[in-house]
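The values are calculated or read from the model by the stated rules, or taken from the named source; none is laboratory data. Treat the numbers as computed from the prediction; the structure is a model and nothing was measured. FYI the Cβ positions are ideal-geometry reconstructions off the backbone, even for glycines, and counts take in every protein chain you see. To get the accessible areas, we keep the full protein, side chains included, count just its heavy atoms, and leave off ligands, DNA and RNA. Shrake-Rupley method; radii C 1.70, N 1.55, O 1.52, S 1.80 Å.
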Amino acid sequence: MEKLLVSPSPHLHTKTSTKSLMRDVVIAMMPAVIVSVLFYGWSELLVLGVSVASCVLLEYLITKYLLKKPCTVCDMSAVVTGVLLALNLPATTPWWVVFIGAVVAIGVAKMTFGGLGQNLFNPAIVGRVFLLISFPTYMTDWTRPQGFIGGGIDALSGATPLGAVKEGGIAAIECLDYSDMLFYNIGGSAGELSAIALLIGFAYLLVRRVIKPYITCSIIATVAIFSGIFWAINPAEYTDPVFNILTGGLLLGAIFMATDYVTSPMSNVGGIIFGVGIGIITMLIRYFGAYPEGMSFAILIMNSVVPLINKWCHTKKYGR
Amino acid sequence: MMKTFSIGGIHPSDSKISKDCKIEVLPVPSKVFISVAQHLGAPATPIVKAGDTVKVGQVIAEPAGFISAYVHSSVSGTVKSVGPRKDLAGNNMTHIEIDVEGDEWVEGVDLSDTLITAIPEDNKAILEKIKMCGVVGLGGATFPAHVKLCPPPGKVADCLILNGAECEPYLTSDNRIMIERSKEIVVGAAIMKQVLGGCKTVIGIEENKPEALAAMTAAVAQLQKTAKGYDGISVMTLKKKYPQGGEKQLIDAVMGRQVKSMGLPIDVGAVVQNVATSLAVYEAVQKNIPLITNVMTITGDCLPMEKQHNYKFRIGMPLSYIAEVAGGVPEQAAKIISGGPMMGKAIANMEATTVKGSSSLLYLTAEQTVRGVESACIRCGKCAEACPMGLEPFLLQKYARHNMTDELEENAVQDCIECGCCLYSCPANIPLLDIIRIAKGDVIRIIRTRK
Ligand code: SF4
Ligand code: SF4
């Protein structure tokens, strides 16, 4: 004991840090990552590698040389963005397209706003949407690459289930078996492969108290109710609720992207409003819009109203 | 369902390492320095001077205002000096230095162990005794007890809540007195209850103190069977959650009522007193013993079991002396706290002396207590989730950094109870409470000048 430390209370601090939270998010994404690598093989590994490496490198370079701020790479948020971006792309995406996605995600969506905590939009989604608009061919051509296992499975090659519906009507998906989709059999971006893998990640996030269930559950419930009503009225025209929940990156978005701290509301009530908004917009785009899926757009649109939601939804104060 | 408060709260490890250490009486040192500021309100005025001889329990300083309290000598001997000396935080305050000779008490004090259960009838006399014995709240605020026991005109107490939550990690002194002095505490509660007009009385204890719960429940049952004036007293088990012992939180937990912003507990019919205060009331009223002793915990993860203690100390003992008797300050201690780790004060000066409200010497290692480097707010909302007052600390700190006092007041910074839950919870290590505390002071000053 040399000199006594003197500082104001409290004198203890939780072990949870920004870094440990981000690490938990990465761990939660692992089941989905593993499934996608198993089924999409080397090409998925390449997409993941390029995405994570470029996100981390870009954040490092930008903080160090452009912003001249303390380096924030160690907080692992760039890794989260990297994995998320990769899970949002088809495994066949060429490496340079992935890199452009990372530049947009980190360079534009995150760093121009001032880095972690300041960005209005979820960086990974901005990256994905940018690619979707700029390179539609790469982003919607879902030819299935050779995986490490399950090479023979080929439910719908060439299009995502939602894309198939947009083009060929509801008959196009009659061959789909939902129990397959639960485990591995969805054409689409890598992270949409297995609902079970995503749900394991969700459970992990809840158990570790990284996120609360409000946003995710309100999105899923809204989509279920919305599509349930339309489907009940006209099942020949509209897809059913289970289909809508299991496809189009809905779970991936609801669990890992809409729950991003920075770009979602702070309060529970706000979270529910946010989730309902995403659910409704997603379904409006899917049923009536030009794009087969709508999750990314829905999240971006709702991201932009988060400041408003935060302004109106405050916590319940004691004695007031 | 066990009760607890409804908003926020955190669950730090309770670390009650010394919970089984019986209360030991500290030997009296050769010299004591008794502060005249041992209570909330105006420091007392010394009425002795160098050369005077004093006995144990003799008044040595008188209250200097309505909110102030008597201070008594904790030893017998000769007053050596009356003058400034550094307190815990290193600030100068008047202390009365006494050289100890023998242990001679003033007349009329009953030092026997006999339990006196019969409650005197005259409430006025009881209040006078509580005041004359210098009893103050021992739960942290050290507010003069007799003031709290006289509700302002028009206000009625519906419920007396005895605070035995001891929700701060590490502290075990309340736990020990509830186990070892349970009957005295219940008698004290019955006395306060009678003064308040016979309202319902609830003793709230957190679930992590099963022995104290059992002892207090048994004491209540026995006194209800054998003596008069003990009806309507009950023990309530509370869920373990910090800050359960916060006055506003305890009222919410026990009565399901919430005190309005800037209001007083009595506005919702509540009077809260700590269990240690109840013991002091017993000793004052039934035994004529002024408040010159209390129990403090010596603890820390870096202390071996045999150096963990619960000590009955007398006021005016140098902390360094107590640390020495307890086995020395451990090598690894980087910070020593007086009070709990959440709301206690870091000790700057170990030559400071014990006061009525002293509750611990808590040794924390650098690893435990040094804060991480502050990084950007990630808007995780964990601070708001933790805040037991339902505030939004991330927002308050932002406004505070820009000196936006109107927004701060609108968002109730003045309601902050400085519990530290927000700062404890923030993954980005933002010094939320440090910033909010200053802003709160500013806003309260503005509200006061407006009135
Ligand atoms: S210190 Fe104040 S702002 Fe922070 S959690 Fe406690 S009451 Fe809320
Ligand atoms: S806990 Fe810290 S990082 Fe999270 S919202 Fe509050 S201030 Fe921001």
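Worth a mention:
- If you sort A:Arg286, B:Arg314, A:Arg320, B:Arg379 by accessible surface, 1.4 Å probe, largest first, the order is A:Arg320, B:Arg379, B:Arg314, A:Arg286.
- About the Cα centre, charge dipole magnitude for the protein assembly as shown (Lys/Arg +1, Asp/Glu -1 at Cβ), debye: 1340
- The share of C-alpha pairs in the range A:228-307 whose separation exceeds 22 Å stands at 24 percent.
- A full extension of the chain between B:Ala221 and B:Asp301 corresponds to an added length of 25.1 nm, given 0.36 nm per residue minus the alpha carbon distance.
- Annotation for the range A:210-238 versus the range A:1-45: alpha-carbon center distance of 31 Å.
- Expressed as a fraction of 2.2 N^0.38 Å, the C-alpha radius of gyration for the protein assembly as shown is 1.17.
- Cα gyration tensor shape of the range B:81-164, rounded if a/c is under 1.5, else prolate or oblate by comparing a/b with b/c: oblate
- ³J(HN,Hα), Karplus 6.51/-1.76/1.60, whole Hz, each residue of the range B:418-426, x for Gly, Pro: 6, 6, x, 4, 5, 5, 4, 8, 6
- A:Ala236-A:Leu284 FRET efficiency (beta carbon distance; Förster radius 25 Å; 0.05 resolution): 0.80
- Accessible area of the range B:382-450 belonging to carbon and sulfur atoms, whole % at 1.4 Å probe: 50
- The range A:244-262-the range A:100-116 distance, computed between alpha-carbon centres (Å): 20
- Computed about its Cα centre, the charge dipole of chain B is approximately 800 debye, with only Lys, Arg, Asp and Glu carrying charge at their Cβ.
- Debye intensity ratio I(q)/I(0), log10, the range B:147-232, q values 0.13, 0.16, 0.21, 0.26 Å⁻¹ (C-alpha model): -0.44, -0.64, -0.99, -1.27
- At R0 = 30 Å, FRET efficiency that the Cβ-Cβ distance of B:Met2 and B:Lys155 yields, to 0.05: 0.50
- Gyration tensor (alpha-carbon) shape descriptor, chain B, a/c threshold 1.5: rounded
- Rounded accessible area of A:Trp231 (nearest 10 Å², 1.4 Å probe): 110
- Against the empirical 2.2 N^0.38 Å (N residues), the range B:382-450 has a Cα radius of gyration ratio of 1.00.
- Taking the charge dipole of the protein assembly as shown about its Cα centre, with +1 at Lys and Arg Cβ atoms and -1 at Asp and Glu Cβ atoms, the residue from B:Gln224, B:Phe66, A:Met283 reaching farthest to the positive side is B:Phe66.
- Cα-based shape type of the range B:228-315, given that a ≥ b ≥ c are square roots of the gyration tensor eigenvalues and the cut on a/c is 1.5: oblate
- Ellipticity estimate at 222 nm from DSSP helix runs (n ≥ 4, -39,500 (n - 2.57)) divided over the protein assembly as shown, nearest 500: -12000 deg cm²/dmol
- Ordered by solvent-accessible area of protein heavy atoms (1.4 Å probe), largest first, the residues B:Asp174, B:Asp99 come out as B:Asp99, B:Asp174.
- In sequence order, calculated HN-Hα J values of the range A:15-21 (Karplus, 6.51, -1.76, 1.60; Hz; x Gly/Pro): 7, 5, 10, 3, 5, 5, 5
- Given a 1.4 Å probe and the protein chains as shown, B:Glu324 ends up with an accessible area of around 130 Å².
- In this simple spin-label approximation, B:Lys49 and B:Ser320 carry label points 7 Å from Cα along the Cα→Cβ vector, and these lie 3.0 nm apart.
- Between chain B and chain A, the total buried accessible area stands at approximately 4100 Å², from heavy atoms with a 1.4 Å probe.
- Of B:Lys16, A:Lys69, B:Lys31, the residue with the largest accessible area leads and the full order is A:Lys69, B:Lys31, B:Lys16 (1.4 Å probe).
- In Å², nearest 10: area of A:Met111 left accessible to a 1.4 Å probe: 10
- Taking a point 7 Å from the Cα of A:Leu308 along the Cα-to-Cβ direction, the residues of the range A:271-288 with backbone N closer than 20 Å to it are A:271-285.
- Shielded by partner chains, the range B:254-271 residues - at least 40 Å² of accessible area, 1.4 Å probe, vs chain alone: B:Gln258
- Counting only protein heavy atoms and a 1.4 Å probe, the range B:382-450 has 39 square angstrom of accessible area per residue.
- With a Förster radius of 30 Å applied to the beta-carbon distance between B:Asp406 and A:Ile301, the computed FRET efficiency rounds to 0.40.
- Sequentially through the range A:45-55, phi angles give Karplus couplings (6.51, -1.76, 1.60; θ = phi - 60°) of 4, 5, 4, 4, x, 4, 5, 5, 4, 6, 4 Hz, Gly and Pro residues having no value and appearing as x.
- For the range B:28-79 versus the range B:183-232, the gap between their alpha-carbon centres in whole angstrom: 32
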